[in-house]
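Just so it is clear, none of the values below were taken in a lab; they were calculated from the coordinates. Keep in mind that what you see is a predicted model, and the values were worked out from it rather than measured. Note that each Cβ is placed from the backbone with ideal geometry, even for glycine, and that neighbours are counted across all protein chains shown.
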Amino acid sequence: MRRFRRLIPFLLLLSLACGFSPGALAQATPPASPTVTVGALNFTEPLILGEMISQLLESHGFDVQREFGLATSADAHEALLSGEIDLYVEYTGGGLVSILGSPVPVDMPDASGTPVASVADRTYDAVSAGYLEQFDLVWLDVFGFNDTYTLAVTRTTAQTYNLTTISDLASVAGTLKLGTDQEFADRADGLPALKSTYGIEFASVQPTVPEAMYEAIANGEVDVITAYSTDAHMRDLDLVVLQDDRAVFPPYFAAPVVSQAVLDANPGMADIINLLGGSIDDAQMMELNYQVDIENRDAADVAQEFLASQGLLDS
C-alpha cells in the first residue's frame, strides 16, 4: 500500500508531462442532450406536424418532450410565453387576428398601381414582426400549405338551397344550425367576422371538437360546419365548400413559432426545423390527414414516413 501511495505523485507528474490535465476527463464526457418541449393543438394536422418537428429534432440529438392536445391557440400561446412549451405550430391568419388583433391586409395595388406583396406574404411578415416585437417569439418558415377556414354543407343542403357562396348562405342561415370548432364562435377571425362581413345569423351555433363537428353534419345534427381546407373529412364526406366571396377569412399558412430564448440557447435549431419549410402543399397535407383521420393510422407513424420520404431521417 505504501509503495502504491508513493507511485501516485510520480504518475501524476508523468501524466502532466504527457499533456494530460485533470480536467480532460470531464471535457471528454459528452454533454447532455438539449431538451426541447414541443406543443401541439388538439386536432390531427398540428399533431402530425408536431410529430414531424419532434422526430426531426430527435434525429439531430435533441431530447424532445411532447405536450400535445392544447385546446386553443390562446392556450398554446400562453404556454409558450410561460415556458411550459418551447414551440408549437400556429397559423398565420390566426396569429394575426386572434393573437395580435391586427386587420387582414387587403389585396390591392399600391398608390402607383404597382402590385404589392401577396396577402399571404404580408400576413406572414406582419405576424413575424409583431410576435418578435411584442413577445420575443420567432416565426420559422411556413410548411407550404394554406389550411384556411371554410364553410361547408352536404351536397343535399347545397342543392336544396342553391348554395355556392357564403353570400348565398346568409339569406337562409336563420333556419340552419352551425357546427364549429371550440374557438370559431369567439375568434375575431371566426363567427364575429362572418357576422360583420356577411350579416349572417344562424338559428343556433354548436361548438365542439373538430371530429364531433364532422360527425354532426354527417348525422344531420347540424346543417353547416366551419371546416378546414386541408381536412380529410371534406373529401371523405363529399362536402361542398362555399366560396368566401367577400374574402373574410385570411390566409392560414402553418409554421412553427419558437421562443427566441430557446433559439439563442440552441444554435442551429432553427435550421433543423426549417428543413420542413415549403415541403408540404395543400394536397399532401390533406393526404396525411386522411391517413390518420380516415385510415386510423398513428400520427407518429405517418410523420415518420413523410420525413423518411423527404430524406430527412436515416432509413
Lys and Arg at +1, Asp and Glu at -1: neighbours of residue 172 with Cβ under 14 Å from its Cβ sum to -2
Of the residues 252, 131, 161, which exhibits the maximal mean-square fluctuation in a Gaussian network model of the chain defined by a 10 Å Cα contact cut-off? 161
For region 149-242, report the % of Cα-Cα distances exceeding 17 Å. 42
Using a simple spin-label model with points 7 Å from Cα along the Cα→Cβ vector, what separation in nm is obtained for residue 264 and residue 284? 3.4
Residues residue 247 and residue 204, FRET efficiency given R0 of 41 Å [Cβ-Cβ distance, rounded to 0.05]: 0.95
In Å and whole numbers, how far do the C-alpha atoms of region 35-168 stretch along each principal axis, longest first? 53, 47, 25
Just need the relative contact order of region 149-242 here, percent rounded to a whole number, with Cα pairs under 8 Å and 6+ apart. 47
P(r) for region 125-189, please, calculated from all Cα pair distances in 10 Å bins and given in %. 15, 31, 27, 17, 9, 0
When ranked by the protection proxy of mean other Cβ atoms within 10 Å per residue, highest first, what sequence do the peptides 219-227, 45-53, 63-71 form? 45-53, 219-227, 63-71
Give me the base-10 log of I(q)/I(0) for the chain at each q in 0.11, 0.14 Å⁻¹, Debye formula, one uniform scatterer per Cα, rounded to two decimals. -0.73, -1.10
Rough spin-label spacing in nm, given labels placed 7 Å along Cα→Cβ, for residue 58 and residue 305: 1.8
Below 8 Å, C-alpha to C-alpha, sequence gap of six or more: please give me the relative contact order for the chain in percent. 24
Full extension between residue 236 and residue 171 adds, at 0.36 nm per residue less the Cα distance, a length in nm of 20.6 nm
How many Å³ per residue does the convex hull of the Cα positions in region 209-257 occupy? 107
